[in-house]
1. Can you pull out every residue in the range 139-165 that is out of contact with any Asp or Glu (no Cβ under 6 Å at 6 or more places or on another chain) and either under 15 Å from Asp33 (Cα atoms) or among the aliphatic types (A, V, I, L, M) (or both)?
2. Restricting attention to the range 77-113, which residues are in contact with a helix residue (DSSP H, G or I) (Cβ under 6 Å, 6 or more places away or on another chain) and touching a residue at least 40 places away in the same chain (Cβ under 8 Å)?
3. Kindly check whether there is at least one residue in the range 161-183 that is more than 26 Å from Thr58 (Cα to Cα) and of a type outside the set (Gly, Ala, Ser).
4. If a residue counts only when it is within 25 Å of Leu74 (Cβ to Cβ) and under 15 Å from the mean Cα position of the chain (by Cα), which strands (runs of 3 or more DSSP E) contained entirely in the range 186-234 have at least 1 such residues?
5. Could you please give the count of residues in the range 57-76 that are surrounded by 15 or more Cβ atoms within 10 Å (Cβ to Cβ) and touching a residue at least 40 places away in the same chain (Cβ under 8 Å)?
6. Here are some residues: Leu110, Leu129, Leu123. Which one is over 20 Å from Glu216 (Cα atoms), of a type outside the set (Lys, Arg) and either at pLDDT below 70 or buried (at least 16 other Cβ atoms within 10 Å of the Cβ) (or both)?
7. If you check Leu139 against the conditions, is it surrounded by fewer than 18 Cβ atoms within 10 Å (Cβ to Cβ) and modelled with pLDDT of 85 or more?
8. Could you name every one of the strands (runs of 3 or more DSSP E) located completely within the range 1-92 that has at least 2 residues being modelled with pLDDT of 95 or more and acidic (Asp, Glu)?
Amino acid sequence: MTAAHHPLTSRRACTAALLFFLPGLAQAGALEDVLARMDRSAGGFRGLTAKVRKVSYTALVKESTEESGDFSVLRVKPKDMRILVEFTRPDPRAIAFQGKKVQVYYPKTLTVQEYDLGKQGSLVDQFLLLGFGTPGSDLRKSYAIKYGGEETINGVRTERLELTPTSAEAQKHVKLVEIWISQPEGTTVQQKVHQPSRDYVLFSYSDIKLNPRLTEDSVKLKLPKGVKKETPLK
């Protein structure tokens, strides 16, 4: 039997031909691999710290602003995630998320604003926590998912996923979310949230440390005495 007619060779040729003519098969397999990696990562996820860079783009005026600082997330319970974002440049401010409660602290004015997101609290989980302890299987419950290919972000090999919200409520706020998942850790390196207005917000993470020693105090605001409290939504 010649090599050209060997059954194994024939099967490989057939597979190659199928992937050539039906690239969706390869993309589907790659997507399943990424989601499985996220499942494994979520199982052992307890928390994360990183440097964060946030770019906010306003389509109407074609302008963007940039902030940078530190990002921490702690899993207290399976469904209880706490977030602290401390921006240091260009203007210092800190944001703490706990359940449906959000606090925003402005040290220059010694003011903290407190918000109760109510029904919108679930949207915070959907968009801010994508890839941070989120199982890939959970994404299917809220998004239509498309595999976007491999990219290198800040020197890290990643695979990009395109997530389209399936709920009508989420679609009012977000048109599409792109997330870049690291290889092989399965955690988020970058997020880009596209809004219906064509505005977007881009979060990039670097110096990522998985499962550091964090406590509940680590992800709370450090408020000095005499701070003024405001509740803008009331």
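1. Start the filter on the range 139-165 by keeping residues that are out of contact with any Asp or Glu (no Cβ under 6 Å at 6 or more places or on another chain), which leaves 139-145, 147, 149, 151-157, 161, 163-165.
Answer for the range 139-165, where residues must be out of contact with any Asp or Glu (no Cβ under 6 Å at 6 or more places or on another chain) and either under 15 Å from Asp33 (Cα atoms) or among the aliphatic types (A, V, I, L, M) (or both): Leu139, Arg140, Ala144, Ile145, Tyr147, Gly149, Ile153, Val156, Arg157, Leu161, Leu163.
2. Those that are in contact with a helix residue (DSSP H, G or I) (Cβ under 6 Å, 6 or more places away or on another chain) and touching a residue at least 40 places away in the same chain (Cβ under 8 Å): Arg82, Leu84.
3. Applying the first criterion (more than 26 Å from Thr58 (Cα to Cα)) to the range 161-183 yields 182-183.
With the extra rule that they be of a type outside the set (Gly, Ala, Ser), the set shrinks to 183.
Yes, the range 161-183 contains at least one residue that is more than 26 Å from Thr58 (Cα to Cα) and of a type outside the set (Gly, Ala, Ser).
4. Details: elements: 188-194, 200-210, 228-230.
The qualifying strands (runs of 3 or more DSSP E) are 188-194, 200-210.
5. Of all residues in the range 57-76, those surrounded by 15 or more Cβ atoms within 10 Å (Cβ to Cβ) come to 57, 67-76.
Checking which are touching a residue at least 40 places away in the same chain (Cβ under 8 Å) leaves us with 57, 71-76.
Of the residues in the range 57-76, 7 are surrounded by 15 or more Cβ atoms within 10 Å (Cβ to Cβ) and touching a residue at least 40 places away in the same chain (Cβ under 8 Å).
6. Values: Leu110 fails: either at pLDDT below 70 or buried (at least 16 other Cβ atoms within 10 Å of the Cβ) (or both); Leu129 fails: over 20 Å from Glu216 (Cα atoms).
Going through Leu110, Leu129, Leu123 in turn, the sole match is Leu123.
7. Numbers: surrounded by fewer than 18 Cβ atoms within 10 Å (Cβ to Cβ): no; modelled with pLDDT of 85 or more: yes.
Answer is no for this residue.
8. Numbers: elements: 47-58, 63-77, 80-89.
Per the criteria, 63-77.
The values are calculated or read from the model by the stated rules, or taken from the named source; none is laboratory data. Quantities reported herein were computed from a predicted structural model and do not represent experimental measurements. Ideal geometry is used to build each Cβ from the backbone, glycine not excepted, and the neighbour counts take in all protein chains shown.
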